[in-house]
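A short worksheet on the structure shown next.
Values quoted throughout were computed directly from the atomic coordinates according to the rules given, and no laboratory measurement underlies them. Predicted, not measured: the structure shown is a model, and the values here were computed from it. Note that we place each Cβ from the backbone using ideal geometry, even for glycine, and neighbour counts take in every protein chain shown.
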Amino acid sequence: MPIFPEKIKVAYEYVTTEIFIPSPFRCGICYKLGHTKKRCDSQKNKPTCGFCGEAAHPSEQQCLRAKCVNCQGDHPSFSKSCPRFLEEKEINAIRVTMRILYSLAREELARRKKIPQRPIVNYASSSLHSNVRPPLSYAKVVQSTEMAADLNLSSQ
Ligand SMILES: [Zn+2]
Ligand SMILES: [Zn+2]
Ligand SMILES: [Zn+2]
């Protein structure tokens, strides 16, 4: 068997640039962020419709309007553009890239938001610092971990 050292190098670079940023937990019962179906406290949380935020109802029954249980916004609770969900995602990104605890990452995000001239972790809109090459495509990583999270949710 001939040896191809180039292939080894490619594989090595691929592995070292990969950072796993977990998608925020979102409960499949009450649709609140921060826990999963398995950890849902039935004393505190009720089964909820992920679309209208009302008590869970049969799927045949139509939802009157979309309402998010996490931010009270007019979108479904499972929306990936929910500001609360995006905030959790940013906390996760800070937590993983800085290797700090969740509570500290939360404080860090709050601190960054208070200082407008310091951009919040957002490699997707990195045209401002075009001379700085981000270590990885943030959007790409988030997308792939979201897909993984979706698979987790459906298998629970
Ligand atoms: Zn729950
Ligand atoms: Zn509903
Ligand atoms: Zn929301």
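General observations
- Highest mean packing comes first when the peptides 70-83, 94-107, 36-49 are listed by Cβ atoms within 10 Å, giving 70-83, 94-107, 36-49.
- Here Ile100 and Lys44 are evaluated by their C-beta separation; at R0 = 30 Å the FRET efficiency comes out at 0.60.
- The range 27-89: mean projected area of Cα convex hull, nm²: 4.2 nm²
- Of Lys38/Lys114; Lys32/Lys114; Lys37/Lys67; Lys44/Lys113; Lys38/Lys80; Lys44/Lys114, those spanning more than 28 Å from alpha-carbon to alpha-carbon: Lys38/Lys114; Lys44/Lys113; Lys44/Lys114
- The stretch between Lys37 and Lys80, if pulled fully straight at 0.36 nm per residue, gains 13.7 nm over its current Cα-Cα span.
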